[in-house]
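Q: Take this structure first; my questions come after.
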Amino acid sequence: MEKVMIFGGRGFIAGHLKTIYPDAILPEIDICDAVALTDILEKEKPSVVINAAGKTGKPNVDWCEDHKLETVLSNVQGPLNLLDACTRRSIYWVHIGSGCTYEGDNDGKGYAETDLPNFTGSFYARTKLWIDQILKDFPVLQLRLRMPFDGSLHSRNLITKLRRYEKILDQQNSITYLPDFLVAANILIAKRKTGIYNIVNPGTISPYQIMMRYREIVDSKHLVERLTLDRLCDVVKAGRSNCMLSCEKLLLEGVHMKPVEEAMDEALKALL
Ligand SMILES: NC(=O)c1ccc[n+]([C@@H]2O[C@H](COP(=O)([O-])OP(=O)(O)OC[C@H]3O[C@@H](n4cnc5c(N)ncnc54)[C@H](OP(=O)(O)O)[C@@H]3O)[C@@H](O)[C@H]2O)c1
């Protein structure tokens, strides 16, 4: 029997992980507190630890620009504590990473896990990049997500976020459909895989295209104004990564995620 422990248990991604690990232990501790971390691992002796804790910024990553210490502690120091505590106890562990550390499409190929991150335009992205590059030298499974979405009204669902914005960026991006992410995570964890995996649906789409589709499927009266990259700085404080990630490595594990358009339509129809 797996004994799974999830940190960041109140968060959006953890909420999804709980559906595949309904018996998971969800300690309400600060992962920056190395003593509390050690105590809970000693007490519960989990076979799998998943780190879904981190500062993502609310209402968005601009928050991290003004809260750098909280952000670097939770996104770098906390995972380093987990690395130390889990390694000393030979506990297999998984870190939820981000693909927001890349910019561009790598000449249409998408960035592979072996490509060095090239986006440093926000403090949040830099913290995700730092820990990603430290952990890659250790036997940790890193699952990189991009703009996660589902068919719910959750405030952190990409579709819900886009619905709140008047101006929507028209730049192509890789995105992650959370039901597909769960299938991938389950398979990789069961195989005790380590290293970095991009967990994105094949293909790309722009936020503007998503909201045009939203108008077709959900609400034809919803107003959408197109925003181009050169005007993005008018509406945000920190830079935003726009990138395409390769999912070739995931395919080699036999994990087939739905094409982006199919996944998006499924999520939008769930909103009806
Ligand atoms: N959502 C995305 O767009 C996205 C994309 C790619 C990767 N990710 C990564 O996925 C992970 C989870 O993100 P999410 O979307 O689920 O964010 P979320 O909904 O904000 O959940 C993160 C949870 O972690 C908690 N937390 C923060 N610092 C902590 C600490 N030091 N110790 C214990 N818990 C702590 C947060 O509590 P507070 O709210 O009190 O801070 C929150 O409950 C993060 O590492 C994030 O970088 C997210």
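The values are calculated or read from the model by the stated rules, or taken from the named source; none is laboratory data. Computed from a prediction, not measured in an experiment: that's the story for all the values here. With ideal geometry, Cβ positions are generated from the backbone for all residues, glycine too; neighbour counts draw on all protein chains shown.
Q: Here is a list: 153, 162, 145, 129. Which entry is over 16 Å from the mean Cα position of the chain (by Cα) and either within 12 Å of the ligand (Cβ to nearest atom) or closer than 18 Å to residue 238 by Cα (or both)?
A: 162
Q: Now for a different question. So, in the stretch 88-115, how many residues would count as being in contact (Cβ under 8 Å) with a residue 60 or more places away in the chain, within 16 Å of the ligand (Cβ to nearest atom), of a type in the set (Phe, Trp, Tyr) and not in a loop (DSSP other than H, G, I, E, B)?
A: 1
Q: Right, here's the next one. For residue 196, indicate whether it is among the hydrophobic types (A, V, I, L, M, F, W, C) and in a helix (DSSP H, G or I).
A: no
Q: So residue 118 ticks every box in (1) within 8 Å of the ligand (Cβ to nearest atom); (2) without any contact (Cβ under 8 Å) to a residue 24 or more places away in the chain but one. Which box is left unticked?
A: Every condition holds for residue 118 apart from (1).
Q: Restricting to the stretch 237-257, what's the tally of residues that are out of contact with any Asp or Glu (no Cβ under 6 Å at 6 or more places or on another chain) and either closer than 14 Å to residue 181 by Cα or in a loop (DSSP other than H, G, I, E, B) (or both)?
A: The qualifying residues number 11.
Q: Still on this structure: If I filter the stretch 152-163 for residues that are touching a Lys or Arg at 6+ places or on another chain (Cβ under 7 Å) and of a type outside the set (Phe, Trp, Tyr), do I get at least one hit?
A: No, the conditions are met nowhere in the stretch 152-163.
Q: Residue check, residue 46 against (1) part of a helix (DSSP H, G or I); (2) farther than 19 Å from residue 250 by Cα; (3) not polar (S, T, N, Q), all met but one. Which one?
A: It is condition (1) that residue 46 fails.
Q: Of the conditions (1) in contact with a Leu (Cβ under 8 Å, 6 or more places away or on another chain); (2) more than 20 Å from residue 187 (Cα to Cα), residue 257 clears all except one; give me its number.
A: (2)
Q: Moving on to the next point. Of (1) over 13 Å from residue 78 (Cα atoms); (2) within 14 Å of the ligand (Cβ to nearest atom); (3) surrounded by fewer than 15 Cβ atoms within 10 Å (Cβ to Cβ), residue 61 satisfies all except one. Which?
A: Tallying (1) over 13 Å from residue 78 (Cα atoms); (2) within 14 Å of the ligand (Cβ to nearest atom); (3) surrounded by fewer than 15 Cβ atoms within 10 Å (Cβ to Cβ), residue 61 fails exactly one: (3).
Q: Out of 87, 101, 114, 127, I need the residue that is touching a Pro at 6+ places or on another chain (Cβ under 6 Å) and closer than 26 Å to residue 184 by Cβ. Which one?
A: Unique residue meeting the criteria: 101.
Q: Also, quick follow-up: What's the total number of residues in the stretch 4-29 that are assigned to a loop (DSSP other than H, G, I, E, B) and in contact with a helix residue (DSSP H, G or I) (Cβ under 7 Å, 6 or more places away or on another chain)?
A: Number of matching residues: 4.
Q: Another question about this same structure. Find the residue count for the stretch 122-151, including only residues that are over 30 Å from residue 77 (Cα atoms) and touching a Ser or Thr at 6+ places or on another chain (Cβ under 8 Å).
A: Of the residues in that region, 0 qualify.
Q: Quick one: is residue 82 over 15 Å from residue 126 (Cα atoms) and modelled with pLDDT of 95 or more?
A: Criteria met by residue 82.
Q: In the stretch 17-49, what residues are aliphatic (A, V, I, L, M) and either more than 10 Å from the ligand (Cβ to nearest atom) or more than 23 Å from residue 192 (Cα to Cα) (or both)?
A: Answer for the stretch 17-49, where residues must be aliphatic (A, V, I, L, M) and either more than 10 Å from the ligand (Cβ to nearest atom) or more than 23 Å from residue 192 (Cα to Cα) (or both): 20, 24, 25, 26, 29, 34, 35, 36, 40, 41, 48, 49.
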